[in-house]
Amino acid sequence: MSIQTDPHQGDIHHARLDDYSGVVPSPVRPTTGRPAQLLGLGALALAVVGWQIFDLHLGAALAGAFVLYLVAVYLVYRSLGGPRVAVDQLMRALVYFAFVCAVLPLISLLWTVLAEGAAKIVSPAFLTQTMNGVTGLHDQAYVEGTGPFIGGAYHAIIGTLIVTGLATLISVPIGMFTAIYLVEYGNKGRLARWIRFFVDVMTGIPSIVAGLFAFALFSQIFGIRDAKMGLAGAVALAVLMIPTVVRNSEEMLRIVPNELREAALALGVPKWRTVVKVVLPTAASGLASGITLAIARVIGETAPLLVAIGYARGLNWNAFENAMTTLAVYAYSMFTKPLSPAVREPSLERAWAAALMLVLIVVALNLLARLIAKMFAPKTGR
Amino acid sequence: MNDSVATEQRPARTKPVRRVGDIVFGGASLGSAVLILLTLVGVAVFLVIKAMPALTADPAEISGGKGFFSYVWPLVFGTVVCSLIAMVLATPVAVGIALFVSHYSPRRLGAGIGFVIDLLAAVPSVVFGMWGMAVFAPKLFPLYGWLEDNLGFIPLFGEASASGRTILTASIVLAVMILPIITSVSREVFLQTPRLHEEAALALGATRWEMIRTAVLPFGMPGVVGGTMLGLGRALGETMAVAIILSPNVFTWNFIGSGNQTIPAEIALHFPEASGLRLAELIAAGLVLFVITLAVNLFARWIVDRRAEFSGAN
């Protein structure tokens, strides 16, 4: 930054310093990335030829072409610009490759979920019926064309809303108050430092251990027979959710300008009213988006609920008694234990539809969080 | 009430006035904070209570008939191996993506990629599991067949499973799942690299890769290590993907055949039907998992925090 120059000066040295952030002024550099692009096209063509004409496996063809591409890039740039440029281009190719590595599975996954789940997610039976009384015989009849498609995820949708809602009700007050303690009260004290540390540790609790904890806690209180209930699942989810809420909220409260607090306190406003009326409203958009992200994180949890709530075929509105089902557990159980082992198709379709619904919910929550953060952000000078 | 106190004793006015609202509000804040500590202690305590029967039981009564230790060690081994493979696969790719975002891509593209990575982190693990078993595992079979034919002399590549539902498949899916966390931590530290270091490297004539190697990577390395450990912690506890993808069996060195099992998957598969001593066994296995992940996470936090102290950023 300190060597910033005036771009309007015609001096040749300044012109060189100008492009320090992008191009490297080096005597060995080639002027263009064109050879790499041409080689890339060539490698792609080679892969297609290997795949279509020589009947290679598509993956093998692509992998072979990529290796050839790397070798070719290295050799070409070595002859054009020397070994240093060659290594630079090689690493560039690898970095781009890493990016493709992450995007490919995501695309494949989203495509699979969409393709397999789209058929049933719009079916009224899927949206309004439970699995109560639905057996493998019904599925068989449906596949043979002698019966309608029955059995859906209505109970799972309701269960997801109840369990996630309860988890939010538990974790938001605890998480927010903890964040308020960390920022407004504890600040740099020893207790605050310990709490911050343990919140970080809590982030790392495996989800299934949270489920086991909820089960152990509730079986200690209610006895092992009556331990599985919606509330237990909500507690398990809350254990996973609280650290996220605390960390997000703490960050948001911390960026509230100190001048606002000082102004309120100087006017004689009690501290708690300062927090409630000044700090929280200022940070509201950030807090809301953080909580939305925390909900998105736990709404797809399967393992803790499998352990703490179990699986129910029917609708259960009561979170304090008996098993419940959420979408994730529903998808898991339909996928791994189809109603009729002989005719798996209808159960798999249900599972994929539930998975698609989950993915849509999660994506929607993520977008919503971004929207909240953007739309209702406090107007600061920046 | 406050008024009367204030007017009767003048010196007391300098003391802060204690209002009911403040006491309640401050108490609630402190209470919540302490509740979090209690929860963490509670997790350990309740797991120990419920696991006790399995830890103290007659060895012959435990599954396998040779005591809890010999029941749990293959599971621990499976868990650790699966997570380590995932970590080894994910780290270079994650560092590559982080570099792509911080130093290669156009700035506006970077934000979009950030969203894609967030999306990858948000996909529920059960969906990853279903995709891994239905789509990904069959695709890997040709590769496993090739490994068996050509590298079969290495014990790791024994008889290939026809379904592709092996511990290596599970590891690769786990690698995809832990990519986002390693990427985001690495990207943070790469972006914090002092601008002047980078400019100095470039001004000396370094190529972009040489600049990254000499300025960015040394600065970001502790962050990358910490992020990797966090990813390892996540992989150790990951349940559903492994439970769905892996077709479990006894321990084997053959990573491309069926066999092996991880602790979380074992719990998820057997817990719903378990009762009595079996229940205690599974909870005890969960306790072991808790201890392992706790150790890994403490170590990761220690590294990341140590780095934060001397980074000079902010």
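The values are calculated or read from the model by the stated rules, or taken from the named source; none is laboratory data. As the structure is a prediction and not an experimental result, all values here were calculated from the model. Virtual Cβ from ideal backbone geometry, glycine too; neighbours counted across all protein chains shown. Each accessible area value is taken on the protein alone, full model and side chains, heavy atoms only, with ligands, DNA and RNA left out. Shrake-Rupley method; radii C 1.70, N 1.55, O 1.52, S 1.80 Å.
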Revision key, fill the gap. In segment B:170-209, residues that are more than 8 Å from chain A (Cβ to nearest Cβ) and under 11 Å from B:G231 (Cα atoms) total 9
Point to revise | Wholly within segment A:110-194, helices (runs of 4 or more DSSP H) carrying at least 2 residues that are modelled with pLDDT under 90 | key: A:124-128, A:136-144
Exercise for review: Check every one of the helices (runs of 4 or more DSSP H) wholly within segment A:225-293 and list those with 2 or more residues that are within 27 Å of the chain's Cα centre (by Cα) and within 12 Å of chain B (Cβ to nearest Cβ).
Suggested key: A:230-254
Check your understanding: In segment A:314-326, which residues are under 28 Å from the mean Cα position of the chain (by Cα) and surrounded by 20 or more Cβ atoms within 10 Å (Cβ to Cβ)?
Key -> A:A323, A:M324, A:T325, A:T326
Review point. A:V329: closer than 24 Å to A:G159 by Cβ, within 14 Å of chain B (Cβ to nearest Cβ) and either at pLDDT below 90 or surrounded by fewer than 18 Cβ atoms within 10 Å (Cβ to Cβ) (or both), yes or no?
Key: no
Practice item. Could you list, in sequence order, all residues of segment A:156-175 that are surrounded by 24 or more Cβ atoms within 10 Å (Cβ to Cβ) and either closer than 19 Å to A:L280 by Cα or touching a Pro at 6+ places or on another chain (Cβ under 7 Å) (or both)? Key: A:S171, A:G175
Study note, to complete from the structure: Going through (1) over 28 Å from A:L62 (Cα atoms); (2) in contact with a His (Cβ under 9 Å, 6 or more places away or on another chain) one by one, B:Q192 fails only at (2)
Point to revise | Set B:T239, B:T252: member being crowded, with 22+ Cβ neighbours inside 10 Å and of a type in the set (S, T, N, Q) | key: B:T239
Check your understanding: Any residue in segment A:169-179 that is over 21 Å from B:T39 (Cα atoms) and touching a residue at least 24 places away in the same chain (Cβ under 8 Å)?
Key -> no
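Every residue, every condition in (1) within 23 Å of A:S207 (Cβ to Cβ); (2) touching a residue at least 60 places away in the same chain (Cβ under 8 Å), yes or no:
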position: A:G286; (1), (2): no, yes
position: A:V298; (1), (2): yes, yes
position: A:R313; (1), (2): no, yes
position: A:M334; (1), (2): yes, no
Revision key, fill the gap. Being modelled with pLDDT under 85, of a type in the set (K, R) and touching a helix residue (DSSP H, G or I) at 6+ places or on another chain (Cβ under 6 Å) narrows A:R84, A:R29 down to just A:R29
Study note, to complete from the structure: The residue that is farthest from B:I85 (Cα to Cα), considering only those in segment B:255-268 that are open to solvent by 10 Å² or more (accessible area, probe 1.4 Å) and at pLDDT below 90, is B:S258
Point to revise | Residue, farthest from B:L143 (Cα to Cα), within segment A:54-85, restricted to residues that are touching a residue at least 12 places away in the same chain (Cβ under 8 Å) and open to solvent by 40 Å² or more (accessible area, probe 1.4 Å) | key: A:L80
Exercise for review: Filter segment B:39-62 for residues that are open to solvent by 60 Å² or more (accessible area, probe 1.4 Å) and among the hydroxyl-bearing types (S, T, Y) and give the result.
Suggested key: B:T56
Review point. Only one of B:G226, B:G259 is on the phi > 0 side of the Ramachandran plot and not aromatic (F, W, Y); which?
Key: B:G259
Check your understanding: In this structure, is B:A274 at pLDDT below 90 and small (G, A, S)?
Key -> yes
Check your understanding: Regarding A:V199, is this residue buried (at least 23 other Cβ atoms within 10 Å of the Cβ), at the interface with chain B (Cβ under 8 Å from one of its Cβ atoms) and closer than 14 Å to B:G237 by Cα?
Key -> no
Check your understanding: Considering only segment B:194-231, how many residues are polar (S, T, N, Q), buried (at least 22 other Cβ atoms within 10 Å of the Cβ) and either outside the structural domain of B:V81 (by TED's automatic domain parsing) or modelled with pLDDT of 85 or more (or both)?
Key -> 1
